Protein chains: 2
Amino acid sequence: MRAKIEVFLKPGVLDPQGETIKRALHTLGYEAIRDVRQGKVFYIEIEGEDAERTIEEVAKRVLSNPVIEDYRWEIEK
Amino acid sequence: MRAKIEVFLKPGVLDPQGETIKRALHTLGYEAIRDVRQGKVFYIEIEGEDAERTIEEVAKRVLSNPVIEDYRWEIEK
């Protein structure tokens, strides 16, 4: 089974990396871009019947920092 | 308008970061996890009528490295 976990900064948390990308895009002429925020995505192959519980646990306890990040996940197939 | 661009390594390209995460998860007892690959995700706010063309162009020419990475994007709203 394949799962995808997205980890992204909570609203209000500064994202200097996203800001830098936005400025670079403006310099390149992409002025229509108003905001960029960067996150991480993990593609996970997992076996077993408890896969959904494991993915939730791994997303919450290992792959995200609950102080500044949120996460969401889905099973892809 | 909000778009999401995912950038991920092409199949066959080594992902040492994903390997490290997989080993760490095994050490923590998550043995059911067979494989981990990490990618990037960009959340973009964009204005204007040409948004879809701009997003495709930015994904292809700026945010991904076509030698080792693929990308996909969607408009979220």
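The values are calculated or read from the model by the stated rules, or taken from the named source; none is laboratory data. Bear in mind the structure is a predicted one, so any value in this text is a computation, not a measurement. Ideal geometry is used to build each Cβ from the backbone, glycine not excepted, and the neighbour counts take in all protein chains shown. In case anyone asks, the SASA skips ligands and DNA or RNA and just uses the protein heavy atoms, side chains included. Shrake-Rupley method; radii C 1.70, N 1.55, O 1.52, S 1.80 Å.
Quick check, is B:Arg23 open to solvent by 20 Å² or more (accessible area, probe 1.4 Å) and facing chain A (nearest Cβ under 8 Å)?
The answer is no for B:Arg23.
Say whether the condition of being within 28 Å of B:Val62 (Cβ to Cβ), at the interface with chain B (Cβ under 10 Å from one of its Cβ atoms), modelled with pLDDT of 95 or more and open to solvent by less than 30 Å² (accessible area, probe 1.4 Å) is met by at least one residue in region A:45-55.
Looking through region A:45-55, none of the residues is within 28 Å of B:Val62 (Cβ to Cβ), at the interface with chain B (Cβ under 10 Å from one of its Cβ atoms), modelled with pLDDT of 95 or more and open to solvent by less than 30 Å² (accessible area, probe 1.4 Å).
Within the set of pairs 6 or more residues apart or between chains, which connect a residue that is closer than 16 Å to B:Glu76 by Cβ inside region B:30-50 to a residue that is open to solvent by 50 Å² or more (accessible area, probe 1.4 Å) and not in a strand (DSSP E or B) with Cβ atoms less than 6 Å apart?
Final answer for the pair search is B:Ile46/B:Met1.
Looking only at residues that are closer than 30 Å to B:Leu14 by Cβ and not in a strand (DSSP E or B) in region B:39-59, which one is nearest to the chain's Cα centre (by Cα)? Quick ask: steps written out before the conclusion?
Kept after step one, since they are closer than 30 Å to B:Leu14 by Cβ, are these residues of region B:39-59: B:39-44, B:55-59.
Okay, now just the ones that are also not in a strand (DSSP E or B), so B:55-59.
Details: B:Ile55: 14, B:Glu56: 14, B:Glu57: 16, B:Val58: 14, B:Ala59: 10 Å.
Out of the qualifying residues, it is B:Ala59.
Quick one: which of B:Val36, B:Val7, B:Val62 is among the β-branched types (Val, Ile, Thr), in contact with a Leu (Cβ under 9 Å, 6 or more places away or on another chain) and either open to solvent by 50 Å² or more (accessible area, probe 1.4 Å) or in a loop (DSSP other than H, G, I, E, B) (or both)? Working first, answer last.
On the way: B:Val36 fails: either open to solvent by 50 Å² or more (accessible area, probe 1.4 Å) or in a loop (DSSP other than H, G, I, E, B) (or both); B:Val7 fails: either open to solvent by 50 Å² or more (accessible area, probe 1.4 Å) or in a loop (DSSP other than H, G, I, E, B) (or both).
Going through B:Val36, B:Val7, B:Val62 in turn, the sole match is B:Val62.
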